[in-house]
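Just below is one structure, and these are the notes that go with it.
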Amino acid sequence: QVQLVESGGGLVQAGGSLRLSCTASGRTWRYYAMAWFRQAPGEERDFVAAINWSGGDKVYADSVKGRFTTSGDNAKITVYLQMNSLKPEDTAVYYCAGDDIWRRGRTADQYKFWGQGTQVTVSS
């Protein structure tokens, strides 16, 4: 059984920053791919960023490139999403996802494991 637990969401003013964390547990093998998605009310679940755990390869959605950075801590089996210069349109529930194959995947169906989500609200 695999568990992914996100933390770090909250309310922030436009232009501010937040750092989300996602910790994996439940199995001993390493996830090759970890990703962040977000979903606003009434919207699809959209790709935000992904990281190859072993090689450090990263991909970002165009909408967050230059503002968001994803990174990982192997020892803690934790991945982070540093979000800077936040905008009201970044408001959403943010989900962490994982898979054992690195595909540079940008769609939800490419990830097996999911966290419960954490709310990020950016006020104008």
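Largest mean-square fluctuation among ALA49, ALA97, ALA40, in a Gaussian network model of the chain whose springs join Cα atoms under 10 Å apart, belongs to ALA40. Using C-alpha pairs below 8 Å separated by at least 6 residues, the relative contact order for the chain is 36 percent.
If region 76-124 were replaced by its equivalent ellipsoid, with semi-axes equal to the square roots of 5 times the Cα gyration tensor eigenvalues, what would those be, largest first, whole Å?
Details: eigenvalues 113, 29, 24 Å².
Listed largest to smallest, the semi-axes of region 76-124 are 24, 12, 11 Å.
Restricting to bridges with both residues inside the chain, how much of the DSSP beta-bridge set is antiparallel, in percent to the nearest 5? Of those bridges, close to 90 percent are antiparallel. State the percent of C-alpha pairs, over all pairs in the chain, separated by a distance greater than 26 angstrom. The proportion of pairs with Cα distances above 26 Å equals 13 percent. Quick check: Cα centre of region 90-124 to Cα centre of region 9-78, how many Å? Value for the Cα centre distance between the two parts: 7 Å. With all protein chains in place and a 1.4 Å probe, the accessible surface of region 23-124 carries 46 percent carbon and sulfur.
The values are calculated or read from the model by the stated rules, or taken from the named source; none is laboratory data. Here the structure is a predicted model, which means the values were calculated and not measured. Ligands, DNA and RNA are stripped out before the accessible areas are found, and what is left, the full protein with its side chains, is counted by its heavy atoms. Shrake-Rupley method; radii C 1.70, N 1.55, O 1.52, S 1.80 Å.
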